[in-house]
1. Could you go through region A:93-106 and let me know if any residue there is at pLDDT 95 or above, under 20 Å from residue A:16 (Cα atoms) and either surrounded by fewer than 20 Cβ atoms within 10 Å (Cβ to Cβ) or facing chain B (nearest Cβ under 8 Å) (or both).
2. Taking region B:137-167 as the region of interest, how many residues are of a type in the set (D, E, K, R) and either touching a residue at least 24 places away in the same chain (Cβ under 8 Å) or not assigned by TED's automatic domain parsing to the domain that holds residue B:62 (or both)?
3. Only one residue in A:65, A:29, A:22 is assigned by TED's automatic domain parsing to the domain that holds residue A:164 and either surrounded by fewer than 17 Cβ atoms within 10 Å (Cβ to Cβ) or closer than 22 Å to residue B:115 by Cα (or both). Which one?
4. Take the conditions of a type in the set (D, E, K, R) and touching a Cys at 6+ places or on another chain (Cβ under 9 Å) and apply them to residue B:74. Does it pass?
5. Kindly provide the set of residues from region A:110-128 that are under 26 Å from residue B:33 (Cα atoms) and either in contact (Cβ under 8 Å) with a residue 40 or more places away in the chain or exposed (fewer than 15 other Cβ atoms within 10 Å of the Cβ) (or both), ordered by number.
6. Which condition number does residue B:141 fail, the rest of (1) in a loop (DSSP other than H, G, I, E, B); (2) of a type in the set (A, V, I, L, M, F, W, C); (3) more than 10 Å from every other protein chain (Cβ to nearest Cβ) being met?
7. Looking for whichever is in a strand (DSSP E or B) and of a type in the set (S, T, N, Q) here; the options are B:82, B:99, B:130. Which one fits?
8. Specify which of the listed residues (B:63, B:67, B:90, B:18) is more than 18 Å from residue B:162 (Cβ to Cβ) and either in contact with a helix residue (DSSP H, G or I) (Cβ under 9 Å, 6 or more places away or on another chain) or not in a helix (DSSP H, G or I) (or both).
Protein chains: 2
Amino acid sequence: MSKIISRETVFAGRVLDVGVEKHRLPNGKRSSFEIIRHPGGAAILPVLSDRRLLLIRQFRPAVGKMVYEIPAGRLEPGESAQECAGRELVEETGYSAAQILPLGCLWSSVGFCDELIHLFLGHDLSAVGQHLDPDEVIDLCPMTFDEALDKVRKDEILDCKTQLALLRYQIHGEENNQ
Amino acid sequence: MSKIISRETVFAGRVLDVGVEKHRLPNGKRSSFEIIRHPGGAAILPVLSDRRLLLIRQFRPAVGKMVYEIPAGRLEPGESAQECAGRELVEETGYSAAQILPLGCLWSSVGFCDELIHLFLGHDLSAVGQHLDPDEVIDLCPMTFDEALDKVRKDEILDCKTQLALLRYQIHGEENNQ
């Protein structure tokens, strides 16, 4: 069995909580690791009534570019993953989804971070108005599934949760059509 | 156009390089962001001669569990992504791949980190001996593609790069069989 022996917080920021943790490993050895603790997040692939997918392009300082993504964000205290997905959908796109279905989960960077992202599909969308934070720059990019898959193939959609939501949506659709 | 105005390193560890960066956004506003700078990495889905996939289970302190993954690691200075994939495959599984084919790229956590992971397929494997680091705990888990996909569906394979490599391998196979 493994166990955390100690944790020293080395940076507690607005978003990132970075610590150096000493762990006892399953092989009995002890070792230190740099680990980011994260509350978890949710991401949602919104499906428009004409079956196009409502992707967004969002400025991401980490890569200095506008990045194709699906709406997503971190869980707020007391919020369920599904509530988080619905809230982020409204804030980032201005659409509300009457139906939100689970599409699996992912660990984004399990080597150094415990972030678990819950994926959802959003159906029955209605326009309610976008609510961006002052430092958010987001464009709406509706596209067909084939257009999105083409952008995955060409490495134009690189964001992992977005690629995975698209491919899981494909599997989901195939299973429902069997 | 966006621009980094300044960066203050707040933690420089063995693995993580965390900074607070001031950026000029595409909308002209200025804002600060907590960002991890990463050299990038490579991950490889190894395909055995009987077509089973050579997944691994690796202890990950961030989630305190043995985690299903594909062999992966960070780029060393001067190393290509393909060389990194081949090296990590040998170190973590003890198998060498005579053929290493690209399978796309992903950003793991574009909200706070610039890590780009290059995915590969490894074919024509031969046993050469495992070389684990002292704090690595890794089991080999060969399984069929259907077994792996079943574990994705049941959220038993949560690691994002691993899920994505499996789904891209499926698409890759379908395209090659058309």
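1. Yes, region A:93-106 contains a residue that is at pLDDT 95 or above, under 20 Å from residue A:16 (Cα atoms) and either surrounded by fewer than 20 Cβ atoms within 10 Å (Cβ to Cβ) or facing chain B (nearest Cβ under 8 Å) (or both).
2. If we filter region B:137-167 for residues that are of a type in the set (D, E, K, R), which is where we start, we get B:139, B:146-147, B:150-151, B:153-156, B:159, B:161.
Then keep just the ones that are either touching a residue at least 24 places away in the same chain (Cβ under 8 Å) or not assigned by TED's automatic domain parsing to the domain that holds residue B:62 (or both); that gives B:139, B:151, B:156, B:159, B:161.
Number satisfying all stated conditions: 5.
3. A:65
4. yes
5. A:112, A:113, A:114, A:115, A:116, A:117, A:118, A:119
6. (1)
7. Unique residue meeting the criteria: B:99.
8. Going through B:63, B:67, B:90, B:18 in turn, the sole match is B:18.
The values are calculated or read from the model by the stated rules, or taken from the named source; none is laboratory data. Note that the structure is a prediction, hence the values are computed from the model and not measured. Neighbour counts run over all protein chains shown; Cβ positions are idealised from the backbone, glycine included.
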